[in-house]
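Structure first, commentary second.
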Amino acid sequence: MQKAIKELLKLNIKTSNDLMAAKRKIAKKYGINILENSEILKYLKNVKSPQPPLAKGENYKKSPSPLLSKGLIRILRKRAIRTMSGIAPVAVLTKPYPCPGKCAYCPTEKDVPQSYLSNEPAVMRAIRCGYDPYKQVQFRLRALEANGHEPTKIEIIVIGGTWSALPEKYKYWYIKECFRGANDYGVKMKKSKIKNQNDNVKFKINGIKDKLLFEQRKNEKAKHKIIGLTLETRPDYINEKELIQMRELGCTRVELGVQAVDDGILKKNKRGHGVKEIADATKLLRDFGFKITYHIMPGLPGAAPAKDLKMFKQLFSDERFQPDQVKIYPTVVTRGSLLYKWWRAGKYKPYSDKILQKLIVECKKAVPEYVRIIRLIRDIPGESIIAGNKITNLRQIMQQRGVECKCIRCREAKELKIKNLEFRIIKYQSSAGKEYFIQAESKDRKTLYGFCRLRLGEAKLLRFFVSAKNRRSLASPLAIIRELHVYGELVPVGDKKIIQHAGLGKKLMLEAEKIAEKNGYKKIAVISGVGVRGYYRKLGYKLKNTYMVK
């Protein structure tokens with residue numbers, strides 16, 4: 001095997017196509033299976049450069065292999081796009097619990113969280129790990145490393161349905177184990193201490209909270225830092241108590257199952273809440289500084305293409321909504337759902353591929369520059385889709401058709417170096433407050449290098465930072481930075497500067513502070529991820545009630 005890899009690496013490999021052709025040639029010559037990229041990367045990690053003879057008194061110094069070039073690593077790296085946004089996303093799944101919703105489109109499968117299917121990739125990984133969060137985190141970090149990524153800056157994305165409906169002890173234990181999994185990775189690689197996940201109920205809640213706090217503090221200086229934590233829930237479960245708890249856990253982003261902003265459609269699909277709950281939840285989340293992601297489902301029973309497009313445009317014209325990110329999940333029919341029965345009875349017909357693609361083209365055109373389209377399709381295997389869209393590469397099809405989109409994801413810098421940089425600010429109203437999207441971009445506005453979201457709104461967080469005695473005398477409420485993000489390939493701290501760590505984040509923060517001060521604000525807070533608190537401390541911020549404050 002090593003002989004085959006050595007021969008392959010002597011070839012002039014400049015592109016992915018060159019690599020594939022070389023692997024086929026080598027496999028045929030040696031009578032072996034086509035080499036996996038992970039096998040080549042493992043070899044490259046371990047290989048040492050030949051050392052020259054030592055002079056008297058000299059010692060050998062470690063030096064990287066000349067073969068271990070950044071260019072070659074990028075070619076070998078599987079799904080390089082995973083860390084091109086500057087972070088390594090790690091999705092983990094909670095164990096099955098009864099869901100409070102009875103939505104018509106949701107499948108129900110035994111021993112799988114509501115709305116998920118056992119053959120979805122993320123679910124299969126979770127099942128292999130027994131739904132253990134510690135094991136899931138370490139499994140994903142190991143997989144990312146094996147494929148050439150350096151997951152030192154992690155966003156934990158907890159999926160599994162309505163997070164807010166889970167037992168309190170389980171929630172604190174679950175997140176504590178996520179942090180422990182990241183802290184131990186590459187250091188201890190321990191087995192999970194709790195073999196039976198129900199054992200966490202034996203511990204008192206304050207004890208679990210103390211252990212979570214310990215792991216969070218440890219993570220601030222760990223190699224594999226959790227710089228963001230995402231939880232998904234329903235709009236009707238959002239209240240102040242829930243959001244305070246989410247902040248204790250370290251949550252920075254919340255995904256809301258919005259699906260549609262039409263009371264008739266929501267009622268027909270038995271969603272269990274209306275548009276008012278969506279608007280109320282959005283305002284609370286925004287006032288607490290959370291980043292907000294909406295799940296939107298075109299093609300639901302009761303909808304039509306024109307109505308779907310009108311609702312989608314309303315997301316960005318109606319100040320009650322204005323999500324920061326969207327996931328577009330076209331409605332599909334799966335077994336185990338009420339929708340499946342409606343489809344069999346002829347009461348429901350999904351959109352054709354042609355109609356759906358045309359709709360999504362128009363939706364993409366309507367997305368503002370300050371919004372990121374995270375996904376255009378849910379990762380449901382084709383064999384589980386009885387009716388509806390089965391196209392998995394919808395985003396690529398849109399690009400091939402020349403569809404232009406100005407969303408964040410379509411403009412982010414990826415591997416590009418900073419060129420012709422300029423700052424531009426977009427202001428818009430949202431949930432009784434003013435949002436400032438401060439972006440660093442190229443002069444032609446086609447490439448986004450970084451951005452900062454600043455909110456000037458109500459004093460929802462004021463009581464966390466100001467004593468009751470001084471609260472009334474304070475001239476203004478609290479300004480809050482809801483997100484700071486510098487794009488480009490993930491660069492470990494201390495590594496060669498590309499875009500991250502080039503001082504761009506500091507410049508964006510200074511601009512946000514100037515705007516807040518100009519508008520009369522005396523205090524500013526950042527909804528910081530646990531693993532990035534050290535960065536804000538260097539900018540003069542101090543930790544107070546889970547926020548970094550200045």
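The values are calculated or read from the model by the stated rules, or taken from the named source; none is laboratory data. These numbers were taken from a predicted model, which means no experiment stands behind them. Positions of Cβ are generated from backbone atoms using ideal geometry, with glycine treated the same way; all protein chains shown enter the neighbour counts.
Output yes when any residue across the range 234-249 is under 27 Å from residue 477 (Cβ atoms) and β-branched (Val, Ile, Thr), and no when none is.
Scanning the range 234-249 turns up at least one residue that is under 27 Å from residue 477 (Cβ atoms) and β-branched (Val, Ile, Thr).
Just to be sure, is residue 491 touching a Gly at 6+ places or on another chain (Cβ under 9 Å), among the aliphatic types (A, V, I, L, M) and at pLDDT 95 or above? Don't jump to the end; show me each part of the working.
Working: touching a Gly at 6+ places or on another chain (Cβ under 9 Å): yes; among the aliphatic types (A, V, I, L, M): yes; at pLDDT 95 or above: no.
No.
Does residue 275 fit the bill of being farther than 30 Å from residue 412 by Cβ and either modelled with pLDDT under 95 or β-branched (Val, Ile, Thr) (or both)?
So residue 275 passes the test.
Residues in the range 341-356 that are under 16 Å from residue 268 (Cβ atoms) and either part of a helix (DSSP H, G or I) or in contact with a Cys (Cβ under 9 Å, 6 or more places away or on another chain) (or both): how many?
Count: 3.
Would you mind telling me which numbered condition in (1) among the β-branched types (Val, Ile, Thr); (2) modelled with pLDDT under 95; (3) assigned to a loop (DSSP other than H, G, I, E, B) residue 367 fails?
Exception for residue 367: condition (2).
Identify all residues within the range 184-209 that are at pLDDT 95 or above and surrounded by fewer than 14 Cβ atoms within 10 Å (Cβ to Cβ); write none if there are none.
none
Between a residue in the range 114-125 that is touching a residue at least 40 places away in the same chain (Cβ under 8 Å) and in a loop (DSSP other than H, G, I, E, B) and any residue that is of a type in the set (Val, Ile, Thr) and crowded, with 20+ Cβ neighbours inside 10 Å, which pairs come within a Cβ distance under 6 Å, given they are 6 or more apart or on different chains?
Filtered contacts from the range 114-125: 116/123.
All but one of (1) out of contact with any Phe, Trp or Tyr (no Cβ under 9 Å at 6 or more places or on another chain); (2) crowded, with 17+ Cβ neighbours inside 10 Å; (3) part of a loop (DSSP other than H, G, I, E, B) hold for residue 403; which doesn't?
Here residue 403 meets the rest and fails (2).
Could you look through the range 524-550, keep only residues that are assigned to a strand (DSSP E or B) and without any contact (Cβ under 8 Å) to a residue 40 or more places away in the chain, and pick out the one that is surrounded by the fewest Cβ atoms within 10 Å (Cβ to Cβ)? Steps first, please.
To start, the set of residues in the range 524-550 that are assigned to a strand (DSSP E or B) comprises 524-526, 542-544, 547-549.
Checking the rest, the ones that are also without any contact (Cβ under 8 Å) to a residue 40 or more places away in the chain come to 542-543, 548.
Working: 542: 11, 543: 15, 548: 23.
Residue satisfying both the conditions and the ranking: 542.
Mind checking which residues of the range 234-260 are of a type outside the set (A, V, I, L, M), part of a strand (DSSP E or B) and under 26 Å from residue 215 (Cα atoms)?
Selection gives 253, 255.
Working only within the range 370-395, note down all residues that are in contact (Cβ under 8 Å) with a residue 60 or more places away in the chain, part of a loop (DSSP other than H, G, I, E, B) and of a type in the set (A, V, I, L, M, F, W, C).
380
Mind listing just one residue for me: the one in the range 75-97 that is part of a loop (DSSP other than H, G, I, E, B) and modelled with pLDDT under 90 and, of those, surrounded by the fewest Cβ atoms within 10 Å (Cβ to Cβ)?
In this case the residue turns out to be 79.
Listed here are the residues, each with its yes/no results for (1) touching a helix residue (DSSP H, G or I) at 6+ places or on another chain (Cβ under 6 Å); (2) under 20 Å from residue 481 (Cβ atoms); (3) buried (at least 23 other Cβ atoms within 10 Å of the Cβ); (4) modelled with pLDDT of 95 or more.
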| residue | (1), (2), (3), (4) |
| --- | --- |
| 214 | no, no, no, yes |
| 220 | yes, yes, no, yes |
| 226 | yes, yes, yes, yes |
| 234 | no, no, yes, yes |
| 237 | yes, no, no, yes |
| 245 | no, no, no, yes |
| 253 | no, yes, yes, yes |
| 281 | yes, no, yes, yes |
